1. Scan region 160-210 for residues that are β-branched (V, I, T) and under 13 Å from V263 (Cα atoms) and report the count.
2. Exactly one condition in (1) surrounded by 19 or more Cβ atoms within 10 Å (Cβ to Cβ); (2) hydroxyl-bearing (S, T, Y); (3) away from the ligand (no atom under 12 Å from the Cβ) is not met by T174; state its number.
3. Taking region 16-41 only, how many residues are at pLDDT below 90 and aliphatic (A, V, I, L, M)?
4. What number of residues within region 54-68 are more than 17 Å from L102 (Cα to Cα) and touching a residue at least 12 places away in the same chain (Cβ under 8 Å)?
5. Filtering region 191-207 down to residues that are touching a residue at least 24 places away in the same chain (Cβ under 8 Å) and not in a strand (DSSP E or B), which residue is nearest to R151 (Cα to Cα)?
6. Working carefully through the options I140, I167, I212, find the one that is in contact with a strand residue (DSSP E or B) (Cβ under 7 Å, 6 or more places away or on another chain), touching a residue at least 12 places away in the same chain (Cβ under 8 Å) and over 20 Å from A242 (Cβ atoms).
7. Can you pull out the residues in region 56-80 that are of a type in the set (D, E, K, R) and within 30 Å of the chain's Cα centre (by Cα)?
Amino acid sequence: TDGINAQNLRQRLPLTPAAGDETRDLITAINAMMDRLEKAFGEIKCFTSDVSHELRNPLFALKGTIEVALTDQIAGEEYHRVLHDCMEQVNGLIKMVNDLFLISRFELKNVALELSDLNLSEVLDDLYDFFLPLAREKRIQCAMERSDIVRVKADKTKIYQLMSNLIENGIKFTPEGGAVTMRLSADDDDAAATFTVSDNGPGIAEAELPHIFNRFYRVDKARTGSAPRGSGLGLYICKQIAEAHGGSIAAESNKDKGVSFIVKLPIN
Ligand code: ADP
């Protein structure tokens, strides 16, 4: 055991034939604990490297914008535009850092849900009103089909975040003139509330679907699409929120076009 440290987490204790029963049990237990520690350390390393990688690009973009403004002689009006660009980039970074903070708390199982009685139909009404202007701007037809009362015990802020991420993605990835439909119902059989956001946009290839809820996963890695590049954290957070409530989230390709995200939350 003396040889095991942070740089040498792969080492395991040998199970020698000469060891007695108690020693063998102890060796097996220590090795199983080492498996868990190695996995946890691996996840932390991977998280740190993902985060540094993801923060690098927007920080360099911001630095570039500022450098150009400092070296070029530009008019007062142009300064305003540059500062506006910088502000947008900073806001993107703040959002990413907030998302990362939430994720790190989820991963440490350190998120205390503030549960209250919530009528999801009211939440959906609020979000519908909130996103309608954005949808109109893109000439996207928004439709909503919902039961009047769908009661769950849930953390209001987190449920808003979960539902709004999905609606925002639907509007963001669906091209102009498309449609986004939100459905909400309570199913007494499996005691679950089901919330679905369905769009008729480009959809997600079958090969990508299994990865879509992974941290930092984006389908359009090369940024060739027209949608603004996001952090790739939204769906991962949605999954954490749904699961923290004892629920689930899934993505399915639509028969004709586009994709549907289906969230299930326990009614009690
Ligand atoms: P972000 O939107 O910030 O990139 P998300 O985790 O919310 O991150 O989404 C991950 C990826 O899943 C997106 O980059 C996009 O490629 C894909 N995606 C999500 N929602 C949709 C959708 N409604 N239609 C097509 N692709 C989608």
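The values are calculated or read from the model by the stated rules, or taken from the named source; none is laboratory data. Note that the structure is predicted; figures quoted are calculated from it, not measured. Positions of Cβ are backbone-derived with ideal geometry, glycine not excepted, and every protein chain shown enters the neighbour counts.
1. Here the count works out to 4.
2. (3)
3. Of the residues in that region, 3 qualify.
4. Number satisfying all stated conditions: 7.
5. Going through region 191-207, the residues touching a residue at least 24 places away in the same chain (Cβ under 8 Å) turn out to be 191-204, 206.
From what is left, the residues that are not in a strand (DSSP E or B) are 191, 200-204, 206.
Details: A191: 11, N200: 29, G201: 30, P202: 33, G203: 30, I204: 31, E206: 33 Å.
Here the residue is A191.
6. Step by step, each of I140, I167, I212 is checked, and only I140 is in contact with a strand residue (DSSP E or B) (Cβ under 7 Å, 6 or more places away or on another chain), touching a residue at least 12 places away in the same chain (Cβ under 8 Å) and over 20 Å from A242 (Cβ atoms).
7. Selection gives R56, K63.
Residue by residue, here is whether (1) modelled with pLDDT of 95 or more; (2) closer than 24 Å to L124 by Cα holds:
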site	(1), (2)
T174	yes, yes
M182	yes, yes
D189	no, yes
D199	yes, yes
P210	no, no
Y217	no, no
T224	no, no
R229	no, no
A251	yes, yes
